[in-house]
Every structure is written in C-alpha cells, then in structure tokens.
1. Considering every residue within the stretch A:157-180, establish whether at least one is closer than 24 Å to B:Ile61 by Cα and over 18 Å from the mean Cα position of the chain (by Cα).
2. Return a yes/no flag: does the stretch C:173-182 have any residue that is on the phi > 0 side of the Ramachandran plot and either out of contact with any helix residue (DSSP H, G or I) (no Cβ under 7 Å at 6 or more places or on another chain) or of a type in the set (Val, Ile, Thr) (or both).
3. Looking at (1) open to solvent by less than 30 Å² (accessible area, probe 1.4 Å); (2) within 14 Å of chain C (Cβ to nearest Cβ), can you tell me which one A:Glu75 breaks?
4. Kindly evaluate C:Thr149 against the criterion of being among the polar types (S, T, N, Q), within 13 Å of another protein chain (Cβ to nearest Cβ) and within 22 Å of A:Lys17 (Cβ to Cβ).
5. Check the stretch A:48-64 and report whether any residue there is closer than 30 Å to C:Gly92 by Cα, touching an Asp or Glu at 6+ places or on another chain (Cβ under 9 Å), hydrophobic (A, V, I, L, M, F, W, C) and open to solvent by less than 30 Å² (accessible area, probe 1.4 Å).
6. Considering only residues that are outside any helix (DSSP H, G or I) and surrounded by fewer than 17 Cβ atoms within 10 Å (Cβ to Cβ), look in the stretch A:1-45 and name the one that is nearest to the other protein chains (Cβ to nearest Cβ).
7. What number of residues in the stretch C:21-36 are assigned to a strand (DSSP E or B) and open to solvent by 20 Å² or more (accessible area, probe 1.4 Å)?
8. Residue by residue through the stretch C:127-149, note down the ones that are surrounded by 20 or more Cβ atoms within 10 Å (Cβ to Cβ), touching a Leu at 6+ places or on another chain (Cβ under 6 Å) and not polar (S, T, N, Q).
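The values are calculated or read from the model by the stated rules, or taken from the named source; none is laboratory data. Predicted model, so just to flag it, every value in this text is computed and none were measured. For neighbour counting, all protein chains shown are included, and Cβ atoms are generated from backbone atoms with ideal geometry for every residue, glycine included. Side chains included, ligands, DNA and RNA excluded: accessible areas come from the protein's heavy atoms. Shrake-Rupley method; radii C 1.70, N 1.55, O 1.52, S 1.80 Å.
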Amino acid sequence: MRTVLTLLRKELLLERKVPQLVPAMALFSVTTFVVFHFALQQRDVDGDLAAGILVVTLLFATILGINRLYVADREEGGFDAFLLAPVDRTALGVAKALTLFAFLVLVEFVMVPAFAILLFGPGVGWELVGKLVLVLAMVNVGLSVIGALVGALAIQTRARDLIGPLVALPLLVPVVITAARALSPVLGADGPGAMEGQFLAVLGLYDLVFGLLAYALFDFLLED
Amino acid sequence: MTYGNRLRATSIAAALVLMVAFGLAFFSAKIEADQGFSQKIFYVHVPMAIVALCGFVFGGIMAIQHLRTGLAKYDLKSYVAIHLSVVLGVGVLLTGAIWAKAAWGTWFEWREPTLVSFLIVFLLYCTYQPLRFSIEDPEKQSRYASVFAVTAGAFVPLNFLAVRLADPYIHPRVLNQAGGDLPDSFRLPFYLGILGMALLFSALYQYELSHKNSRAQLRQLRRKLGGEEEAVGRSAAPQVSSS
Amino acid sequence: MSPAPPGEEAAPAIELAGLTRRYGLRAALEDVSLTLPAGATLVVFGPNGAGKSTLLRVLATLLRPHAGTTRVLGHELPKDGWAVRGRVGLLGHDPLLYRDLSPRENLRFHARLHGVGDERVEEVLDAVRLGLRTDDPLHTFSRGMVQRTAVARAILHDPALLLLDEPRANLDPAAAELVEPLIGAASGRTRVISSHDPAGGLAEGDLALGLVGGRTALLAPAGEIDPAQIGALYR
Amino acid sequence: MTSVLAQASDTVPDDNTGYVAAAYLVFFALALIYFGIMAFKLQRLERELVELNELADRKLAPAKPDAAPAETTP
C-alpha cells in the first residue's frame, strides 16, 4: 500500500510539473462536444442522445489517456527502476489505475460543465449532479481498470498507438452500454428521472470482475 | 509427442454427425410457423456461434494454464483455439447477416442482442493476431497473448449480459436459444448440429496442433543435420522449440 | 554495506553454471559459468551484442535465465529473485530517472521504493556534488550530470552488488574521480563491470570474462591477461 | 438443389430458399477454404521433408559410401 502511494505521488508530481494528459484530455473532450454539435446539427440534446455523447466523449478521452499512461516509464526506464526495487509488482498496476481515475475526475470537472453549457438542454439541479457523480464514478472505475491493464499490454508492442485503442474499445463497450442506459433517464428532458438499478448492477459487476482480473494478471505484463 | 492421433476418427465423426444433423434439419424438422423455410439457417448458424464462443472461452482457460505453468504447449493450444474460433466467427456473422435479411429484411439487426454481442466479441478477438504480431520477443509475445486471452475470455459472458440487458424492446424471439421450448422435431437436429460443429472444431484443432508440432520437429531435425538455419521471420504464431 | 543475512558471507556473490538466456530461438547468452567471491570485481569484455548487457540484466533479476543455475548473493534466480531485488544497484546506459523530475525528487521516489530515509538522499546528493542544481529538472542537465545522478541512484540503497554498464562513459576525468569512492574498488562492494577499455578494465577487475556471441571466449584472473587478448575478442 | 430439399420438407417452399442455400454455402465455402489452406500447409511440410531427406543423404553419403540411399520417392 505504501508502494502504491509512492507511485501515485510520483505520477501526480510528474503531471503537476509538466501537465500533459489532463489538459489534453479536457481539451479533447470540449472539442469533441463542438464536433458533435455540428455533426448532429443540434443545439440542445437530452435523454439517450445526451447520455451517449457524454459517455462516448469520456471514452475517447480515456483512450487518449491510455496511450500515454506508461510512456514515461517505458522511455525513461521507470519500469526497470521499479522492477529493481524490493516491492510488490502489482502495486504498479494499482497505482496506474488510481492515477487514471484521478485524471478522469479532473477531466470531468472541465468536461461536465462544458457539456452542460454547450449541449445539454434541460436545466441542471442537485439531484442530477448527484446521480451523475454516482454513475461517472462507476464508469471511471471501469475505464481506469481496463486502461491500466490494456495500457501495460500495449506499451510493449511495436504498434502501441494502434493496439491500445483496438483492444480497449471493444473491452469497454459494456461500460458504454450500461453507463449510457443508466444516464439516459437522468438526463431526460423533464428533469432527472429514476435510474434503473439493473444497469448500475451490471456496471458494478463489470468493475468488480475486471478489477480482480487486472489485479491477478498485471504481474505477467511486467516480467521480461 | 504427437498431436495427430485422434485426428482421423474425429474428422470422420464430424462429417457423419454434421451430415445427419443437416439431413434431419431439412427432412424431418417442421417448418417454423413465423419464419418459414429461412429458419433452417438456425441449424448451421447457432451451432457455429456456440462452438466459436466455447472456443474463445477454452482459449482463455488454456491461457490460464499457460500463465500458471509457463509451458509453451498451452500457449499453442490457446492460440489455435482462438484462431479457429475467429474463423468460425466469420461464418457466424455471414450466416447471421443472411438470416437477418431473410427474416427481418435487413443485413444486420441491432435489436438482436445475441448478434450484437457476438459482433463485439468478434471485434475484440480480431485484435489477437495483430497484438501477437507486434511483440517481437516470442516469450513475451506468448505471455502477453495469454493475458489478453484470459481477459477476453472473461469478457465474453459479461458482454452478453450487458448487451442483452440493454435491449429495450421486446423483440419477438424466434427461438429460445437455451433450447427449453424448442419443439421436439427441432431439438434433435439442433443438438446434433452443435455436436457435429464441436467435432469439426476439434478435428481442425487437432490438425493445427499436429501441423505446428510437425513444423517444430522439422526445424529441430534441420538444426541437428546442420542445415542452414531457416530464416525465422517475425511471426504471430507461437514457436514451439521442442515437443 | 547492508549487513548480509547469516550464512551469506561465506557464499560467493555470484555463481553461474551453464547460464543460458534466449531471445526466441537465438541465444543471447549460452553456457556461461563462473564464480565471483564476495567483494571481488568482475570485468566483462566483448563486442556490441556479445551479451554483456544481457548478463547484467539477468544478474539484476530483470531478465529470467532460461537454463543453468544462477545464484546471486546466495539466492537462486529466478526462483528467489525477490530476495536479491533491492540488494543490487544497476547503472546502465539508461539513467532510469524521470527527465521531468529533479534529482532530489527522483531520488526521493527511489528512496521510498527501497525503504530508505530522506537523509540518505541528501547524503548521496552531497556525494555526487550537483551543487545548487538538485532541484532543476533532469532534462536541463548535461549527460555527465545525469550520469552522476544515476550513480547516486544506483548506490542510494547501499547495494551489496553493483552492476555497472560502462559506468564512466559520459563522465569527464574530474567526475570519474568524484564517483570513484561510490562505485570504485574502494566502495568495498562486489562489482560486475562491462567495459570496452582493456587496460583500464583489467586494472580494475579481479576476474575478467570475455564474451563473443553470448559464449565465454575468455575467463581468467585479470592479472594474468594481456590487454592484447582482450583486443582479439573484438576481431 | 435446396428447392428440391424445400419441396421434400413438409410445407410449400417460400421465397427464402435462396437465403438458406446461401447460409449453408457460406459454411461449406469456409470449410473448403480451410481445407485449401490445410493442403497448402501440408504441401510446404512435404517439400521441407524432401529437402531434409536430401540433406540427410548428403550428410550420410561420405561417411558410409555403400549405405543404401534413403528411399525417397522421386
């Protein structure tokens, strides 16, 4: 656990000194909203469409993050340095997932208000924010767990910018499905409606299964 | 060690069972009331899909074995199973598209969750070969491929659950594919179809293993005889150094 | 020096018997056998691609040996790699430092990974004399300065075994002298050095190993070897 | 052929016969393509074997001049 904190602190320090990922992901998501506005020719969206745009934009921003998540470690020897230390190797995977989670939260602080201003039709109230936070938190868990695993898988390949998104996208389809379905009544035109628990349950199950799986498998991606 | 021992028996059994299954499907199974004759596609499409999905999961199980033991033969088995399942997957999607066209008038039906799930799983497994190919060190290649195979294997059932749940429409389900309320005359050819397809899969699986093994033996023999080393290019297939 | 666990003092620092490491079907190291007593220095010579770096990475537990027995500090690899990790210091071509962090930040990160206190960070920073620049990001440094930071990193946790891949490649004579007490013979550590400099390398080592194509071409006490023999390895 | 099969079945064939035929054809085509690939691989294996056999002959010939050449089919 101490190792995880050490690694997490290093990641956040790096991002604070040379901000790269978070600004890029935030900028990307805002630009994507602009693109959606013109592609769909709509001023206001709500319901299914709003949920879809929000989740898909977050997904694409995550893909951006996955591609860069391990680059510093790969190119500057961070992997070797970590492997030389007498610590549990899974800690790196946990730390990377937490890092991505933290980045996603930061990005959402920009992305969600931008969405509300640029595209979202219905008004925003506390109930909506509360439900949105709940769903986004669960989505973030799924995205960061898969991101930490697939990022580590892709970083060692020659075509890592290609392999990462190709593997991550289908793996994340269930997250998109359940999150979009759970959010669509919340973003409804007549104010936030009731969420259907089954989607959150499947999303939670997905988070749990892949969390455990990534935890069990991460070690194998480090050894040489 | 040889892999080809049971190949002949399996091949003959596969051919026989598939012939009987398709024969029964055409001559003895009743024409389904809603869909008419086009429902006959069911007997080739669904067994293929079931066998392909089982092949993916089997590949994942072999990958677990590989990660646990580190033996190259499990990586080979995982690779062959996934490779064959992807080939079957092409057949599933093509026959599925044809069936959708015949039954609903469109080549692809988004409201049919099974078909959609299968497409997603298929797209995921399509990246298996490129992933292998882009890792040069063979040992690392097989380990990474196994990590992928385990993850994807666990993804198969979860994905089906998510897609099935997301289907908001009550789509007229032609057949309950669990087989529970299949009419009796449908059931026998259907089960035989699954069996035959599984046998076919098994025969091709044994053939591939035997072929890969023979190649490895040949390469070893060549090295023993002191022939010039065959240039081993970058390959996506696992390299078995000895049996 | 970190105190060796009981029973380890007597054991040789490195014991290799038939060590083999392959990349696919090609052997990067084949059938390498040697014994290095604790406190002694092994110099490894050989042309590029001869397997020097592979040997160092195997000893550092970064690469898993494929055949033969490999004992480092009395522990068998790869089985007991966890016991060796943290007791070796690796100084390779890559500094293993984050370019956007300062030396102090980098070293503090490594110190935490190795369970070493911050006062030790200040100690090694003083020893490599980076002066006022310890808080500048590493990418503003010259290669020599980076290498000095890397030396500090390699000895931060007071390793029993130092693995040095051409350690003086980027250092000017003054800097080389500066790091001498840290990674030189006077440090009292067991060392494995890969080198391209026959005379200098032989003077520094107790035992010399020559590798060609992953195989042992030469293995003898350094004192008994003529530098010309080393030169022959490269032909 | 499938229209015959359709007639042999217990109801009147509808216009979906072509689709059914196509679906089964996809399956058989896939199987046949696979057999083709198998044949290609077998051919390569065979060629390599012949090559190796010749190599073995050449290796053994100088050592035992009177040893019978391996029975290779020309």
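1. yes
2. Here is the first cut: in the stretch C:173-182, the ones on the phi > 0 side of the Ramachandran plot are none.
No, the conditions are met nowhere in the stretch C:173-182.
3. Answer for A:Glu75: the failing condition is (1).
4. On the way: among the polar types (S, T, N, Q): yes; within 13 Å of another protein chain (Cβ to nearest Cβ): yes; within 22 Å of A:Lys17 (Cβ to Cβ): yes.
Considered against the rule, which asks whether it is among the polar types (S, T, N, Q), within 13 Å of another protein chain (Cβ to nearest Cβ) and within 22 Å of A:Lys17 (Cβ to Cβ), C:Thr149 comes out as yes.
5. Step one: of the stretch A:48-64, the residues closer than 30 Å to C:Gly92 by Cα are none.
No.
6. So in the stretch A:1-45, the residues outside any helix (DSSP H, G or I) come out as A:1, A:18-20, A:41-45.
Next, from what is left, pick out any that are surrounded by fewer than 17 Cβ atoms within 10 Å (Cβ to Cβ): A:1, A:18-20, A:41-44.
On the way: A:Met1: 12, A:Val18: 4, A:Pro19: 10, A:Gln20: 9, A:Gln41: 23, A:Gln42: 22, A:Arg43: 26, A:Asp44: 23 Å.
The qualifying residue nearest to the other protein chains (Cβ to nearest Cβ) is A:Val18.
7. If we filter the stretch C:21-36 for residues that are assigned to a strand (DSSP E or B), which is where we start, we get C:21-23, C:26-36.
When the remaining residues are screened for being open to solvent by 20 Å² or more (accessible area, probe 1.4 Å), the result is C:22-23, C:26-27, C:30-31, C:33, C:35.
Looking only at that region, the number is 8.
8. C:Leu138
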